[in-house]
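Coordinate-derived values only; no laboratory data. Worth saying up front: this structure is predicted, and the values here are computed from it rather than measured. Counting neighbours? That spans all protein chains shown, and the Cβs are built from the backbone with ideal geometry, glycine included.
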Amino acid sequence: MSSPSAENDQWDINIKSTRGLLEIDIAEIWRYRDLLVMFIVKDIVTRYKQTILGPLWFMLQPIFTAVVYTLIFSRVAKIPTNGAPPILFYLGSLTLWSYFSETFGIISKTFSENAAVLGKVYFPRLVLPLAKAISGIIKMFMQFAIFFVVLGYHMTVTHMASPNWYALSLPFLLLLLAAFSMGAGLMVTSLTSKYRDLNFLIVFGIQLYMYVTPVIYPLSITSPSKQFILWLNPLTSIFEAFKYAFLGENSGIWSNYWLGYTTLFTIVMFMIGLIMFNRVEKKFIDTI
């Protein structure tokens, strides 16, 4: 019996690998929006499903960490916060840092930790890192709720915090942070699909990266030569701009020049990460 001609076959979905390296099929991702939402909900709900406090841990973790940092770095190490309340200084910085470190860490393992699913079921591969980035933003907003409560207290009671109009730039700063985290994660997961050794360096690298990012100290306390080196870190301008906007002009440094540098760096890195991701996703299952 002869098989019918392939030209006469009618297909509902045509899966092909002719997409350009820089192309994002937004229409296809939109068709899989239910799957995207499912991954987002799963990431938020299942992590603390069998815990007593549940999602409250999202808000309690930065509070506990900020208290510990206040005791160690402010009280013991005597690292100044340039007039900002230490608990507020560390709470804001840690909220931003926890989003970056967690989102980058999870996205950097997209291929290695989801190989079983990706090898059996087709869906736009970009849905996975996108879901992680969005779920991280939702958790970060929950943590920012605590930050704004503490900020309101110090604005009205202690008068030790004085946000300015630059606070309106928060959406832009968070977009930069999300794009940077996702771009870096896409690059690393593309590399670790072939070079597994990089997985062992990620955790150690993130720990070191924190100390060259002004999370536990204001940039202004460093020498001019060290400041230039730290400014080369794209995250520096985001953290400094945030502290300048919400904690006062003495707690951070606003630099349009370095924010422009971070924006350009992030765009280029995201494009490179996307190119690497689109290239690797077509054949990663053969090397994972």
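Here the simple spin-label model places points 7 Å from the Cα toward Cβ, and for M38 and H159 these points are separated by 5.7 nm.
Show me the trypsin sites (Lys or Arg not before Pro) within region 96-201 that DSSP assigns to loop and that have at most 15 other Cβ atoms within 10 Å of their Cβ. Could the numbers behind the result be given before it?
Working: sites: K109, K120, R125, K132, K139, K194, R196; in loops: K109, K120, R125, K194, R196.
Answer in residue order: K120, K194, R196.
A Cβ-based charge dipole, computed about the Cα centre of region 31-286 with Lys and Arg at +1 and Asp and Glu at -1, lands at about 580 debye. Taken as Cα centroids, region 159-181 and region 215-252 sit 13 Å apart, rounded to the nearest whole angstrom. When each of the peptides 243-250, 141-148 is scored by how many other beta carbons lie within 10 Å of its residues on average, the order from highest to lowest is 243-250, 141-148.
Could you list, in their original order, any pairs among K120/K194; K109/K139; K78/K226; K132/K194; K78/K139; K194/K243 whose Cα atoms are separated by more than 29 Å?
K78/K139; K194/K243
The calculated P(r) of region 201-260, using every Cα pair and 10 Å bins from 0, goes 24, 54, 20, 2 in percent. Counting beta carbons within 10 Å around each of L170, L118, L56 and listing the fewest first gives the order L56, L170, L118.
Please list 255-264, 271-280 highest first by mean number of surrounding beta-carbon atoms within 10 Å per residue.
On the way: 255-264: 15.2, 271-280: 18.7.
Top to bottom by mean Cβ count within 10 Å: 271-280, 255-264.
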